[in-house]
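Structure first, then comments.
The values are calculated or read from the model by the stated rules, or taken from the named source; none is laboratory data. On a predicted model such as this, the values are computed, not experimentally measured, just so you know. Heads up, the Cβs are rebuilt from the backbone with ideal geometry, glycines too, and the neighbour counts pull from every protein chain shown. Please note that ligands, DNA and RNA were not included when accessible areas were found on the heavy atoms of the full protein model with its side chains. Shrake-Rupley method; radii C 1.70, N 1.55, O 1.52, S 1.80 Å.
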Amino acid sequence: MIKEAVIVAGGLGSRFGNRTAVMPKGFIEIDGVAMVERSVQKLLAAGIEKIIIGTGHCNEWYDKLAEKYPAIQTVKNNNYQNTSSMGTLEVCAPYVTGDFLLLESDLVYDAAGLRVLINDERSNVVLASGPTHSQDEVYLETDDAGILSGVSKDASKITKLAGELVGITKLTPAALKAMCDYYAANRAELAKLDYENCMNAVAHETGIYVRTIQYYTWTEIDNEQMLARALEQIWPHIQENESLLNIRREVLLNPGPSTTTDSVKYAQVCPDICPRELEFGKVMEQVAEDLTALVADPKEYVTVMFGCSGTGADEAMVSSCVPPDGRILIVDNGSYGNRLAKIANVYKENVTVFKSSTYEPIDIAALEKEIASGSYTTLGIVYHETTTGLLNPVEKICPMAKKYGLTTIVDAVSAYAGMPMDLKKLGIDFASATSNKHIQGMAGIGFVVCKRDELLKQKDWPMRNYYFNLYDQYAYFLETKQTRFTPPVQTFYALRQAIIETKQETVEKRFERYTACWNILVKSLDEIGLKMLVKPEYQSHFITAILIPDTPEYSFDKLHDYAREFGFTIYPGKLGNINTFRIANMGDIRPEEMQCFTQVLRDYMHSIGVC
């Protein structure tokens, strides 16, 4: 799996004259986005986690870009004026840790080229195209085995033409080292050697092949004429090609599963692999560590994963985390707290239910009195009660429970990755979550983030369950890098991509986006005249339960169907004695989309005489 990329971007871009005197060539914009930034976006969408950019001229522009994209690491070639692309690649080499994609900074290209290289079974591959007539072609030659054997700007020097160099290559660390060694040995005479000539010099030694896409759409941009050609001829074709792969946009305003990006959807389209292979084990291991790191220190916490829904993760937690002679107190202030209690009863645990209002804050003093009155070992609570959007103050309740010696288990399914969380500071020992809500992956993976010391206590407890046993799943994975039972392979690749995108946006910024959507909704509800079940100060900003209007003309089914006509899916309420419908701010939803939905809602309500 390719996780890294290097972009060589140290050059002066002098052929652009004054345009690049105070900015790098890679920051010339095509349709409002800098060439290099669009390349970064395509790399991230292709599953690249780390992007090393070798800088030089006006390096501060790239440093600023790195602030926007946490995946970027900049490395300056201090001698960029006296070297060329190989000199810049050389300074990046120490930071490369695995197979990687090598790109030039001034490319405009179809993202299909990245997928072709990533999926090519050979380790070292140079991407080539058919004729471009760009007037700045670099021609590639291959031998009978398809290995690179010649590079020249003079076509007459090429015997067996393979195509034109695109500027996107897949390389191994071994090939990179061979290139750097060759460059070091010839630096005195060839300081301004380009990377493609170094590749050619070591191609037979390391096995560097050429992959030609005859009608590939791309261009390098070195001067004003090439820019004009790109804008008029190349970029429109790239837009058309890539738009053909866009998936119809459906905005899910239901409380899960959530709307996902196209790149998450496409991450499932991957080569078949047996989940017992070490390669896939490493994918799961990295996913588990990343899931932990979003909410806790991986030195103290560990994530245990199952092929299941969020309720499956709840079942694993409730059935595994209560000692054999223990007693669990579960807070029930909605359908999901009630579900925790049902799970505990199914496993015949010694359970007491603390009932609380479904739409008003928990009486913490009364809860503490109950904890203090019984010999409880465990407290179970839902962080964000998806039934109503009520956010429970676990930051007060869990530390209080820890004061009395209780282990804390928290259903964080509708809170995880949607808001900043630190499990240790919150006093949470076990937190369940799922791949299909705020993390913005596909449904199918449930997981529990566990405080390791508390998890290890379960080692010698009699097993209440089998499939969902937390400790057995943890111990088996620790030893084998495999789950005990067949995992949802493609869903893991989608989750890996969703994690990459979460890291780039950051949980903090994601919460800001959700809050912006919630603010738009709340303002519109007030203007329409609809009431919310939960007071704003107690809401999560993720789910809003709305009281249905007092008119016989209202029909949820008709509202649902009307909203679907505009690409929005909504969800009914889940309270037996209070009639509501719910709007979620989860997943890949944007403020402008919420603005559109509120107009749809306004139009429907106007049609039945509400506003």
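List of remarks:
- Residue match in the stretch 133-140 (condition: assigned to a loop (DSSP other than H, G, I, E, B), under 23 Å from LEU44 (Cβ atoms) and among the polar types (S, T, N, Q)): no
- Residues in the stretch 355-372 that are without any contact (Cβ under 8 Å) to a residue 60 or more places away in the chain and open to solvent by 30 Å² or more (accessible area, probe 1.4 Å): LYS355, SER357, ASP363, ILE364, ALA365, ALA366, GLU368, LYS369, GLU370, ALA372.
- Only listed residue being assigned to a helix (DSSP H, G or I), touching a residue at least 60 places away in the same chain (Cβ under 8 Å) and in contact with a strand residue (DSSP E or B) (Cβ under 8 Å, 6 or more places away or on another chain), chosen from LEU530, LEU575, LEU521: LEU521
- When residues of the stretch 391-415 are limited to those that are open to solvent by 10 Å² or more (accessible area, probe 1.4 Å) and assigned to a loop (DSSP other than H, G, I, E, B), the one nearest to SER335 (Cα to Cα): VAL413
- Yes/no for TYR95 being farther than 11 Å from THR169 by Cα, open to solvent by 10 Å² or more (accessible area, probe 1.4 Å) and touching a residue at least 24 places away in the same chain (Cβ under 8 Å): yes
- Residue within the stretch 229-240 that is under 19 Å from PRO131 (Cβ atoms), open to solvent by less than 60 Å² (accessible area, probe 1.4 Å) and in a strand (DSSP E or B) present: no
- Any hit, the stretch 28-45, residues being open to solvent by 50 Å² or more (accessible area, probe 1.4 Å), more than 20 Å from GLU196 (Cβ to Cβ), assigned to a strand (DSSP E or B) and of a type in the set (D, E, K, R): yes
- Qualifying residue in the stretch 289-298 (condition: more than 17 Å from ILE439 (Cα to Cα), in contact with a helix residue (DSSP H, G or I) (Cβ under 8 Å, 6 or more places away or on another chain) and without any contact (Cβ under 8 Å) to a residue 40 or more places away in the chain): yes
- Hey, ASN119 in contact with a Ser or Thr (Cβ under 8 Å, 6 or more places away or on another chain), among the polar types (S, T, N, Q) and modelled with pLDDT of 95 or more or not: no
- When every residue of the stretch 171-187 is checked against the conditions, at least one turns out to be at pLDDT below 95, at negative phi and outside any helix (DSSP H, G or I).
- Only residues that are assigned to a loop (DSSP other than H, G, I, E, B) and open to solvent by 80 Å² or more (accessible area, probe 1.4 Å) were counted across the stretch 452-463, and they come to 2.
- Qualifying residue in the stretch 54-66 (condition: farther than 18 Å from ILE221 by Cβ and either more than 29 Å from the chain's Cα centre (by Cα) or touching a residue at least 60 places away in the same chain (Cβ under 8 Å) (or both)): no
- Residue in the stretch 471-480 that is of a type in the set (D, E, K, R) and more than 25 Å from ALA415 (Cα to Cα) present: yes
- Residue within the stretch 544-552 that is free of Cβ contacts under 8 Å to residues at least 12 places away in the same chain, surrounded by fewer than 17 Cβ atoms within 10 Å (Cβ to Cβ) and over 30 Å from ALA417 (Cα atoms) present: yes
- Residues that are out of contact with any Pro (no Cβ under 8 Å at 6 or more places or on another chain) and crowded, with 20+ Cβ neighbours inside 10 Å, drawn from the stretch 46-55: ALA46, GLY47, ILE48, GLU49, ILE51, ILE52, ILE53, GLY54
- Hits in the stretch 81-96 - residues which are touching a strand residue (DSSP E or B) at 6+ places or on another chain (Cβ under 7 Å) and not aromatic (Phe, Trp, Tyr): SER85, THR88, LEU89, VAL91, CYS92, VAL96
- Among the residues of the stretch 205-228, not one is free of Cβ contacts under 8 Å to residues at least 60 places away in the same chain and either in a loop (DSSP other than H, G, I, E, B) or crowded, with 21+ Cβ neighbours inside 10 Å (or both).
- All positions within the stretch 330-354 that are at pLDDT 95 or above and farther than 20 Å from LYS369 by Cα: TYR336, ASN338, ARG339, LEU340, LYS342, ILE343, ALA344, ASN345, VAL346, TYR347, LYS348, GLU349
- Answer residue from the stretch 303-321, given it is in contact with a Ser or Thr (Cβ under 9 Å, 6 or more places away or on another chain) and surrounded by fewer than 22 Cβ atoms within 10 Å (Cβ to Cβ) and is nearest to ILE2 (Cα to Cα) among those: GLY307
- Test result for ALA516, under 27 Å from PRO275 (Cβ atoms), out of contact with any Asp or Glu (no Cβ under 9 Å at 6 or more places or on another chain) and hydrophobic (A, V, I, L, M, F, W, C): no
- Residue match in the stretch 277-293 (condition: on the phi > 0 side of the Ramachandran plot and surrounded by 20 or more Cβ atoms within 10 Å (Cβ to Cβ)): no
- Check on LYS192, assigned to a helix (DSSP H, G or I) and surrounded by fewer than 19 Cβ atoms within 10 Å (Cβ to Cβ): no
- Matching option when the condition is closer than 18 Å to ALA288 by Cβ, outside any helix (DSSP H, G or I) and among the aromatic types (Phe, Trp, Tyr), among PHE477, PHE468: PHE468
- Tabulated pairs, the stretch 11-28, first under 13 Å from ASN223 (Cβ atoms) and at pLDDT below 95, second of a type in the set (Lys, Arg) and in a helix (DSSP H, G or I), C-beta under 6 angstrom, 6+ apart or interchain: GLY13/LYS25
- Filtered by the rule that a residue be charged (D, E, K, R) and within 22 Å of PHE542 (Cβ to Cβ), the stretch 476-520 gives GLU501, LYS503, GLU505, GLU508, LYS509, ARG510, GLU512, ARG513.
- Within the stretch 549-571, considering residues that are outside any helix (DSSP H, G or I) and hydroxyl-bearing (Ser, Thr, Tyr), the one farthest from ARG590 (Cα to Cα): THR551
- Of TYR571, TYR604, all but one fail to be open to solvent by 40 Å² or more (accessible area, probe 1.4 Å), hydroxyl-bearing (Ser, Thr, Tyr) and in contact with a Leu (Cβ under 9 Å, 6 or more places away or on another chain); the exception is TYR571.
- For GLU164, the conditions (1) open to solvent by less than 20 Å² (accessible area, probe 1.4 Å); (2) under 21 Å from VAL96 (Cα atoms) are fulfilled apart from (2).
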